[in-house]
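Student: Before I ask anything, here is the structure I am working with.
The values are calculated or read from the model by the stated rules, or taken from the named source; none is laboratory data. Bear in mind that the values here come from a model prediction, so they are computed numbers and not experimental data. Every residue, glycine among them, receives a Cβ derived from its backbone with ideal geometry; neighbour counts consider all protein chains shown. Areas reflect the complete protein model, heavy atoms only, side chains present, ligands, DNA and RNA absent. Shrake-Rupley method; radii C 1.70, N 1.55, O 1.52, S 1.80 Å.
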Amino acid sequence: MPFPDESGPLAVLDHRPEWTAEFERLAGVLRAALGAQALSIDHVGSTAVPGLAAKDCVDIQVRVAAIDEDVHTSLLAAIGFRRRPEPWNRVEVSGGEECRKLVFAPPVGARRCNVHVREEGRPNSRFALLFRDYLRADEDARRAWGAFKQRLARSVPDLSDYGQIKAPATEVLMAAAEAWASRTGWHPAPAPAPRR
């Protein structure tokens, strides 16, 4: 759920090339704050897919060795990021497994984004990378997914309702993504080894 300062009309926009540069800037800020805690910082979600319509909110995945709620919250709070409090922003089911996560909103007045902290090698971090890579690779799926989201946003302007309706459609999309992964031998790129 958005914090009060994040409210605004729901809109799914045509892809904007500047989303990549905005991710890079945010990744630099996060890398400086998290240091060795961040094994990898990935641009995920729809803004990470060239040509895909998306909400103007950059999704970032920070892969960590293990979630430490106190440490990660403290490091991100020091640069103004706010942990989202809802239960679904702390645990998600992916690949039939319950996986821990933390989600952070940007500082008040900053560029809209969601920072998803997930554990390296867990099904939920794989899910985010597969979603992105499949839609980057499959033009027909990318076009259909973007059109679906734009139609949905026009007819269901409430963000919560939009998310509830989009969830089962995402499952269908990800079934196709899993078939693509099997067919192509796709595996998520591992996080780089920590620097010594």
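Student: In segment 95-105, what residues are open to solvent by 10 Å² or more (accessible area, probe 1.4 Å) and either assigned to a loop (DSSP other than H, G, I, E, B) or touching a residue at least 12 places away in the same chain (Cβ under 8 Å) (or both)?
Tutor: GLY95, GLY96, GLU97, ARG100, LYS101
Student: Looking at segment 106-137 only, could you name the residues that are open to solvent by 40 Å² or more (accessible area, probe 1.4 Å) and not in a helix (DSSP H, G or I)? It would help to see each step written out before you state the result.
Tutor: Taking segment 106-137 first, the residues open to solvent by 40 Å² or more (accessible area, probe 1.4 Å) are 108-112, 120-122, 126-127, 136-137.
Hits for segment 106-137 are VAL108, GLY109, ALA110, ARG111, ARG112, GLU120, GLY121, ARG122.
Student: Can you say whether PRO106 is at pLDDT 95 or above and in contact with a Gly (Cβ under 6 Å, 6 or more places away or on another chain), as far as the supplied structure shows?
Tutor: Against the criterion (at pLDDT 95 or above and in contact with a Gly (Cβ under 6 Å, 6 or more places away or on another chain)), PRO106 does not qualify.
Student: Something else about it: Filter segment 1-32 down to the residues that are assigned to a helix (DSSP H, G or I), open to solvent by 50 Å² or more (accessible area, probe 1.4 Å) and either small (Gly, Ala, Ser) or modelled with pLDDT under 95 (or both) and list them by number.
Tutor: Those that are assigned to a helix (DSSP H, G or I), open to solvent by 50 Å² or more (accessible area, probe 1.4 Å) and either small (Gly, Ala, Ser) or modelled with pLDDT under 95 (or both): PRO4, ASP5, ALA21, ALA32.
Student: Against the condition within 15 Å of ARG126 (Cα to Cα) and open to solvent by less than 20 Å² (accessible area, probe 1.4 Å), how does VAL62 come out, does it pass?
Tutor: yes
Student: What's the number of the condition PRO85 fails, among (1) in contact (Cβ under 8 Å) with a residue 12 or more places away in the chain; (2) open to solvent by 30 Å² or more (accessible area, probe 1.4 Å)?
Tutor: (1) is the only condition that PRO85 fails.
Student: Continuing with this model, one more query. Out of ALA36, ALA32, ALA48, I need the residue that is touching a Pro at 6+ places or on another chain (Cβ under 7 Å) and either more than 24 Å from TYR134 (Cα to Cα) or of a type outside the set (Ser, Thr, Tyr) (or both). Which one?
Tutor: Only one candidate passes the filter, namely ALA36.
Student: For segment 46-68, enumerate the residues that are under 17 Å from PHE81 (Cβ atoms) and either touching an Asp or Glu at 6+ places or on another chain (Cβ under 7 Å) or among the β-branched types (Val, Ile, Thr) (or both).
Tutor: VAL58, ILE60, GLN61, VAL62, ARG63, VAL64, ILE67
Student: Considering only segment 40-87, how many residues are of a type outside the set (Gly, Ala, Ser) and part of a helix (DSSP H, G or I)?
Tutor: 9
Student: Here are some residues: LEU102, LEU76, LEU13. Which one is within 23 Å of GLU139 (Cα to Cα) and among the aliphatic types (A, V, I, L, M)?
Tutor: Selected residue: LEU13, the only one of LEU102, LEU76, LEU13 that is within 23 Å of GLU139 (Cα to Cα) and among the aliphatic types (A, V, I, L, M).
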